[in-house]
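Below: the structure, in structure tokens.
No value in this document is a laboratory result; all are computed from the given coordinates. Just so it is clear, the model here is predicted, and its values are computed rather than measured. Methodologically, a virtual Cβ is constructed for each residue, glycine included, from the backbone with ideal geometry; neighbour enumeration extends over all protein chains shown.
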Amino acid sequence: MTIEELFQKANKDRIELKGHQKKLKAVLLKNEYFDVEKEYWDWKLTFSSLSFSALLIIFSVSIISSGGNTNQVTLESNDFYKTIESSPNVSGMGEETFNGEKTNVLQMVEGGTTTKMYFNNRNVLVHSEVYNK
Amino acid sequence: MYYNRCMDTDVKELVERAQNKDRDAFGSLFDLYYDKVLNYVFRRVLNTEYAKDITSNAFLKALKNLDQFEWRNGPFSFSGWIFKIATNEVNQYFRKQNRYKLTIDDPDFKELGDNNKVVEEIEKKIDNDKHLLILNKAIKQLKPIYQDILHLKYFEEMSYEEISQVLNKNESTIRVYSKRAKEELRIILEKDASEFLVNI
């Protein structure tokens with residue numbers, strides 16, 4: 001008798017445990033796995049947030065390196081404001097009050113990401129918000 | 001072939017939905033694979049209670065790791081993955097033996113079950129199946145990987161391609177191992193069960 005024949009002679013009837021199947025299914029379906037929201041790696045939001053943060057860091061470093069000179073800061077801020085404002089994907093959204101201060105809002109749209117930037121009357125960036133579609 | 005290829009798309013869709021926390025989709029996957037996994041595990045351990053515990057732990061592990069599953073090995077991706085988990089659990093059972101524990105900690109789950117009559121009938125059938133008992137005893141003397149291959153090939157009737165996915169080895173290695181496993185099994189059977197084999 002070959003090994004194959006021996007395997008064929010062994011009983012291959014399938015066993016059934018319907019009670020166990022039903023119970024196990026019920027327990028699994030109430031597992032906390034189904035209650036936790038799936039976390040997505042949103043590369044668009046992450047990328048735009050990171051690039052915007054980098055921009056802010058460069059801006060802050062240039063202010064510090066200017067020695068805190070107010071005129072220099074305003075000048076640097078104006079440069080930054082002008083650069084942003086002149087970008088083709090940036091549009092003015094008018095004035096809005098932020099933290100009790102009147103601000104000028106610029107909106108930058110890049111792919112599916114929208115960034116709103118709030119500048120005070122000296123064109124210093126005081127707040128920003130990033131939205132993802 | 002272990003299951004019909006026309007089911008591939010359905011299974012893939014069910015897996016994706018289950019990964020998005022769809023209970024019904026996971027329920028359907030469970031119903032699709034429960035019998036296959038239970039019977040595979042049962043033939044490995046030949047004990048109804050441990051087969052239930054191992055199957056339960058395997059499905060719980062599959063659920064907890066479902067987010068990590070990626071469909072990248074063609075049509076047998078999911079069945080290969082679920083059998084891989086079941087095989088790991090079986091091997092853990094062999095290492096731990098009576099220290100193997102059910103990991104589902106739910107009082108409702110422990111209280112109810114299939115009535116004793118069902119379990120008794122299954123075990124009586126096994127006790128009368130001399131071929132299965134002899135094979136099982138002989139297979140247990142082989143290396144774990146050879147045991148996995150023989151069970152998957154001859155009881156679960158999987159192709160070498162499917163087995164290679166379950167055991168994470170390339171197909172040619174599985175073919176070589178399968179041949180060696182059969183040779184070693186033959187030697188064990190000739191030594192331990194020659195009397196029985198002559199009389200059948």
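Could you please tell me the mean projected area of the C-alpha convex hull for region B:106-191, averaged over all directions and given in square nanometres to one decimal? Please report the intermediate quantities before stating the final value.
Working: hull surface 31.5 nm².
Mean projected area of the Cα convex hull: 7.9 nm².
Can you tell me the relative contact order of chain B? Whole percent, Cα pairs under 8 Å, sequence separation 6 or more.
Values: 145 pairs, mean separation 44.5, N = 200.
Result for chain B is 22 percent.
Pull out a ≥ b ≥ c, the square roots of the eigenvalues of the alpha-carbon gyration tensor of chain B, then state rounded if a/c is under 1.5, prolate if not and a/b is larger than b/c, and oblate in the remaining case. Each step should come with its number before you reach the end.
Numbers: a/c = 2.07, a/b = 1.29, b/c = 1.60.
Oblate, because a/c is 1.5 or more while a/b does not exceed b/c.
So how much slack lies between B:LEU133 and B:GLU49, counting 0.36 nm per residue of separation and subtracting their Cα-Cα distance, in nm?
Extending this stretch completely gives an extra 28.5 nm.
With θ set to phi - 60°, apply the Karplus curve 6.51 cos²θ - 1.76 cosθ + 1.60 along region A:4-9 and write out the HN-Hα couplings as whole Hz, x wherever there is a Gly or Pro.
In residue order, the calculated couplings are 4, 5, 5, 4, 5, 6 Hz.
Contour minus end-to-end for A:ASN78 and A:VAL36, with contour as 0.36 nm per residue of separation and end-to-end as the Cα-Cα distance?
Values: separation 42, 0.36 × 42 = 15.12 nm, distance 4.62 nm.
Result for the pair: 10.5 nm of gain on full extension.
Under 18 Å Cα to Cα from A:LYS30, which lysines show up? Leave out anything in the same chain fewer than 8 places away.
In chain and number order, the partners are A:LYS22, A:LYS38, B:LYS21, B:LYS61, B:LYS64, B:LYS110.
For an R0 of 41 angstrom, estimate the FRET efficiency from the Cβ-Cβ distance between A:VAL109 and B:ASN20 and round to the nearest 0.05.
Details: r = 29 Å, r/R0 = 0.71.
The computed FRET efficiency comes out at 0.90.
Given a Förster distance of 45 Å, report the FRET efficiency between B:ASP106 and B:GLU183 from their Cβ-Cβ distance, rounded to the nearest 0.05. All intermediate terms of the calculation are to be shown ahead of the outcome.
Numbers: r = 45 Å, r/R0 = 1.01.
The value I calculate is 0.50.
Treating the angle as unsigned and between 0 and 90°, give the value, to the nearest 10°, between the Cα long axis of helix B:23-45 and the longest Cα principal axis of chain B.
10 degrees
Can you pull the semi-axes for region B:1-104, root of five times each eigenvalue of the Cα gyration tensor, sorted largest first, whole Å? List each step's numbers first, then the result.
Working: eigenvalues 120, 42, 27 Å².
Here the semi-axes work out to 25, 15, 12 Å.
Convert each backbone phi in region A:109-118 into a coupling constant with the Karplus relation 6.51 cos²θ - 1.76 cosθ + 1.60 (shift: θ = phi - 60°), then list the ³J(HN,Hα) values in order as whole Hz, x for Gly and Pro.
3J(HN,Hα) across region A:109-118, in whole Hz: 10, 9, x, x, 10, 10, 10, 9, 10, 10.
Using a simple charge model, +1 on the beta-carbon of Lys and Arg, -1 on the beta-carbon of Asp and Glu, nothing else, what dipole does chain B show about its Cα centre, in debye to the nearest 20? The partial results should precede the final answer.
On the way: 33 positive and 34 negative charges, 182 e Å.
In debye, rounded to 20, chain B gives about 880.
Once the convex hull of the C-alpha atoms of region B:50-167 is built, how many Å³ does it hold per residue, rounded to a whole number?
Details: hull volume 15.5 nm³, N = 118.
Convex hull volume per residue, Cα atoms: 131 Å³.
Sequence-distant or interchain residues sharing an amide H contact under 5 Å with A:VAL126, placed H: which?
Amide H to amide H, under 5 Å and 5 or more residues apart or across chains, A:VAL126 pairs with A:TYR118, A:PHE119, A:ASN120.
Could you calculate the FRET efficiency of B:ARG175 with A:THR2 from 1/(1 + (r/R0)^6), where r is the beta carbon distance between them and R0 is 22 Å, rounded to 0.05?
0.80
For a quick check: with amide H placed at 1.01 Å from N, whose amide H comes under 5 Å from B:MET158's, ignoring anything fewer than 5 positions away on the same chain?
B:LYS153
Give the aspartates and glutamates whose C-alpha is closer than 13 Å to that of A:LYS9, dropping any in the same chain fewer than 8 places away, or say none.
A:LYS9 reaches B:ASP129.
Projected onto the charge dipole of chain B (+1 at Lys/Arg Cβ, -1 at Asp/Glu Cβ, origin at the Cα centre), which of B:ASN91, B:SER28, B:TRP81 gives the Cα projection farthest towards the positive end?
Towards the positive end, the residue furthest out is B:ASN91.
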